[in-house]
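Please read the structure below before turning to the comments.
The values are calculated or read from the model by the stated rules, or taken from the named source; none is laboratory data. Note that the structure is predicted; figures quoted are calculated from it, not measured. Positions of Cβ are backbone-derived with ideal geometry, glycine not excepted, and every protein chain shown enters the neighbour counts. Protein only, heavy atoms only, side chains kept; ligands, DNA and RNA dropped before computing areas. Shrake-Rupley method; radii C 1.70, N 1.55, O 1.52, S 1.80 Å.
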Amino acid sequence: MGIARWTCCSFMLTAMVGCGSSTLPDSTAADSNQSDDATAIQTANQTQSSNSDSDVNEREDSSAPTQTTAVNAATDDHPEPSPVTFTLCSEGLPTSGMWKCDPVFADVNKDGNMDLAAIPRLGDGPQVWFGDGAGAWTSASNGLMRTESKSCGGGLRLHDVNNDDELDLVVADHCAGVYIYLGDGAGNWNMVMEGMYPADILPPSGIVEKYRGAESIAVGDIDKDGNADLVVGASDDAGIRMYLGDGTGAGWSRRDGGLPEAGWATRVQLEDMNDDGWLDIIAAYSLGPRVFINEEGAAWKDGSLGMPSPMMGGIFWGIDVADFNEDGRKDIAVANWIDGPEVYLQGDDGMWTKSPDVFEEMMGGAQGLAVGDIDLDGHVDMVVAGRKNLEGGFIRGVFLLLGDGTGGGAWKFLEHSGLPVTGLAAMAGIGLADINNDGYLDVAAGSGLIVETVPNGPRRPALPVRLLMWCNDAKSQTAVAAPED
């Protein structure tokens, strides 16, 4: 299957090699902020991208699909009831913009409800929203607006980096490097780091400004000194970098030993993969999924034996960690731009083995991915952003795959879950959190990115919201189905 998909999807790869961009081109929209984003890339119908900065939501046409057709496209007339269903709960979230990130969650204001952070491409910087626990959102972004340049999307984390017991916002910007904003818990943010990037690898002044962006970021105490540290994945060709923090949020020192100094990483995470008590790095690296083992805070050792190294770089995007086959070892799921979601199981010797195809029907590839127990059956499930076929236009969707605890090829695709399987703009990432405190994970997606031009196709996505959120209705279904006493 992989060979066939390489042939069919080779037109996509120009968009990925050396840039880390997470969009496909549209004949009416392109990003002019970064030299690599301004490069024209062939679309599925071989049209060329222009240099306009139009947003997809500005295009109106009566041929746009409805929400119903988006959810129910390519299904039979009498679908079986889904054991899990979702409803849109995005009140107060943006109806414009290109949200190029994995949405992230944490309780910023300590009210017991999950809050949300995201960063747009061609936007005014990251934004934070306070959640009310019922699916409504209120902006809490005072001090986050960027005025000197547009943000380019990337990665972000909510983490206390200055040891004041308040969550701060750490941002990796695709075009401009790392930004750090200290939070006060009330929605006010103070920028203490702007555009951090290794000065020694920047090109001389006057040369094209690249190698300056950061595509992804992870935060954790890598050296066990009690202070938050950073791992940063480059958006172009500066590899993966580590910064040790001094506990103020403003002081960072680079320590790279054993990490790649070239290539880029669309996602990085910190997880203790070998249960030795030290945080390790998991990366969707340009050469393939990679694991770097933390040698007690002093250096990094490659722990990627068995991971793929495709001929073309940059085809892996979203990444997440869980014990998929319930053997006590952490495994890795990664979104492959061509082949869809993939799972790699960790052996007792630390080697990795690819599982059978997770979602054979996904012929158009995956961009975003997150894992968790969606239906509370004790097995890890997966939510994937991508497209089922190679058609262009607003045909992206969000797909729920239920796991059975084996980590193999027995994932069950729930086509009628209420998550739209088509009709959406291109997406960059997925986030999972229980936003309404019912014990069930809900789903967020960064969407609104540009798509291919398709003659006579829909001119806008099915849903008006660009930063999408769906609430899991499993608890209400259980209550309805429960027998009376």
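Here are a few things to note about the model shown:
- Qualifying positions in region 145-162 - touching a Leu at 6+ places or on another chain (Cβ under 9 Å), of a type outside the set (D, E) and either assigned to a loop (DSSP other than H, G, I, E, B) or at pLDDT below 90 (or both): K150, G153, V161, N162
- The residue that is least open to solvent (accessible area, probe 1.4 Å), among those in region 217-235 that are out of contact with any His (no Cβ under 9 Å at 6 or more places or on another chain) and part of a loop (DSSP other than H, G, I, E, B), is I222.
- Counted residues, region 263-277 - those being outside any strand (DSSP E or B) and surrounded by 14 or more Cβ atoms within 10 Å (Cβ to Cβ): 5
- Residue count for region 425-450, restricted to those that are in contact with a helix residue (DSSP H, G or I) (Cβ under 7 Å, 6 or more places away or on another chain) and either within 20 Å of G364 (Cβ to Cβ) or open to solvent by 40 Å² or more (accessible area, probe 1.4 Å) (or both): 4.
- Residues of region 308-353 that are of a type in the set (A, V, I, L, M, F, W, C), assigned to a loop (DSSP other than H, G, I, E, B), open to solvent by 20 Å² or more (accessible area, probe 1.4 Å) and more than 22 Å from D236 (Cβ to Cβ): M351 alone.
- Residue match in region 138-157 (condition: open to solvent by less than 20 Å² (accessible area, probe 1.4 Å) and touching a helix residue (DSSP H, G or I) at 6+ places or on another chain (Cβ under 8 Å)): no
- Any chance D404 is in contact with a His (Cβ under 7 Å, 6 or more places away or on another chain) and open to solvent by 10 Å² or more (accessible area, probe 1.4 Å): yes
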